[in-house]
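Below: the structure, in structure tokens.
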Amino acid sequence: MAALTPAELVAVWEAGHKLPDCEKALVALAPALPGTDPHHLRALSIGARNAHLLALRRDTFGPVMRAFVKCPACSEPLEFEQDIAELLAGYRAPAAREFTLHIDGHELSCRMPDSSDLAAASQLFFQEEVAEALFERSVLDVRLHGEALPLTALPHDLRLQVQAEIAGRDPLSQIAIPLGCAACRHVWHAGLEIVAFFWTEIERMARAVLDDVVQLARGYGWREDDILAMSPQRRQFYLEAMA
Ligand SMILES: [Zn+2]
């Protein structure tokens, strides 16, 4: 995957900053996957989309993600470092998004959620509501011993099984980072929201690039397009030459 150039970072930030996260993800991936049909991009399973985002993040900002989290047991702040190669090791995009499950006499036709499902749920404010909306969109048909069954009639433990199956068949749809607290020895898995994480970095870098544009335009009178086309090294050289 090609890294986002400085000009692309600024364009991605500008195009996506008011959009929900599910759309931000597609805006960021579009320049990195030139020639990809936007419908195809939108129809990627969430895990496949996340695999692309992780690869793009690695190629644009480097192989290691760093962030601060609070221990949920004792609130101690700790810095985590996650190598993207570890998350992508052995990853294979699912061959098909639709599949059939047979559990306890039930036959369920399911599909892995994609970006249009996330978009449909993006107006909901509570995680439980989002999960419920995605689940309803993921289960296309339920039959019990051949008879059609409404989704609401599914027993609770069966629902949980189906949800786990859907997530399990789409690796990276949920990214869990194993963490341990040095202060209290608590260990847990923290769910990483890769779009929000990556977007924070995109925004920070886009603003830094535009700060450079302002300084170089003031100092040398160059046009924005010409400055954005420069490599970071060249921009840095001209900035230092002004000092
Ligand atoms: Zn702790």
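Every number here is computed from the coordinates shown, using simple stated rules; none is lab data. Just so it is clear, the structure is predicted and the values come from calculations on it, not from any experiment. Counting neighbours? That spans all protein chains shown, and the Cβs are built from the backbone with ideal geometry, glycine included.
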Cleavage-rule hits, chymotrypsin sites (Phe, Trp or Tyr not before Pro), region 137-243, DSSP coil, Cβ neighbours within 10 Å at most 15: Trp222
Taking θ as phi - 60°, what are the ³J(HN,Hα) couplings along region 201-206 by the Karplus curve (6.51, -1.76, 1.60), each to the nearest whole Hz, with x for Gly and Pro? 5, 4, 4, 4, 5, 4
Please list 212-219, 4-11, 84-91 highest first by mean number of surrounding beta-carbon atoms within 10 Å per residue. 4-11, 212-219, 84-91
Restricting to DSSP H runs of at least four residues, report the calculated mean residue ellipticity at 222 nm for the chain, -39500 (n - 2.57) per run over all residues, nearest 500 deg cm²/dmol. -15500 deg cm²/dmol
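Mind sorting Lys70, Lys24, Lys18 by how few other Cβ atoms lie within 10 Å of their own Cβ, fewest first? Intermediate results must be reported in sequence, preceding the final value.
On the way: Lys70 12, Lys24 23, Lys18 8.
Ascending number of Cβ neighbours within 10 Å: Lys18, Lys70, Lys24.
Neighbouring Cβ atoms within 10 Å as the yardstick, rank Arg49, Arg111 fewest first.
Arg111, Arg49
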In whole Hz, with x marking every Gly and Pro, tabulate ³J(HN,Hα) for region 88-98 from phi via Karplus 6.51 cos²θ - 1.76 cosθ + 1.60, θ = phi - 60°. 8, 4, x, 5, 10, 5, x, 5, 9, 8, 9
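Just rank Glu129, Glu23, Glu240, fewest to most, by other beta-carbon atoms within 10 angstrom. Let's see the in-between values first.
On the way: Glu129 12, Glu23 18, Glu240 8.
Fewest to most other Cβ atoms nearby, the residues stand as Glu240, Glu129, Glu23.
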Springs between alpha-carbon pairs under 10 angstrom, Gaussian network model over the chain: which of Asp141, Asp226, Asp83 fluctuates most? Asp226
Calculated from backbone phi, Karplus (6.51, -1.76, 1.60) coupling profile of region 55-60 in Hz, x at Gly/Pro: 5, 5, 4, 4, 6, 8
